[in-house]
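The values are calculated or read from the model by the stated rules, or taken from the named source; none is laboratory data. These numbers were taken from a predicted model, which means no experiment stands behind them. Glycine also receives a Cβ, built like all others from the backbone with ideal geometry; neighbour counts cover every protein chain displayed.
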Amino acid sequence: MDLHLYDRADQSSELRQEIATLQADIATLQKTVSEADIQRKLFNALNQVAHHANRLVPQLDAEWPEAPITLRAMKENARQGFWNGARPPIGYRVVEAGQRGAKIKKTLEIDPLQAETVRTIYRWTN
């Protein structure tokens, strides 16, 4: 340790006493904070985080007026046959299927312009 360098650099009794005190303090701290204690405290802290996350995560799917789209709402939308968004698959286009409240519901339908291309690709692969 660096304390040994100071010990050799200066032989004054005051400095030697301070170094001895610091070395004793370090030895005491090393006994107090063992690797096992650190691992135990880390394990306990991670368990507490997991406990709180497990309690909070189910509430994140709650619905409220200002809420972003939730997974539950998207699943229900798909179950009812509506398109949830994003780019449609090749050969399909998005069309409006009606309005429910402020939301415009959309579905997919075959895109006649791309349909023949998709059929050709399927014929090539079969």
2 or more residues modelled with pLDDT of 65 or more and surrounded by 10 or more Cβ atoms within 10 Å (Cβ to Cβ): qualifying helices (runs of 4 or more DSSP H) within segment 1-64: 13-32, 35-56
Counted residues, segment 89-115 - those being within 15 Å of Asn77 (Cα to Cα), among the charged types (D, E, K, R) and touching an Asp or Glu at 6+ places or on another chain (Cβ under 8 Å): 2
Among residues of segment 89-103, those that are at pLDDT 90 or above and within 31 Å of the chain's Cα centre (by Cα), counted: 0
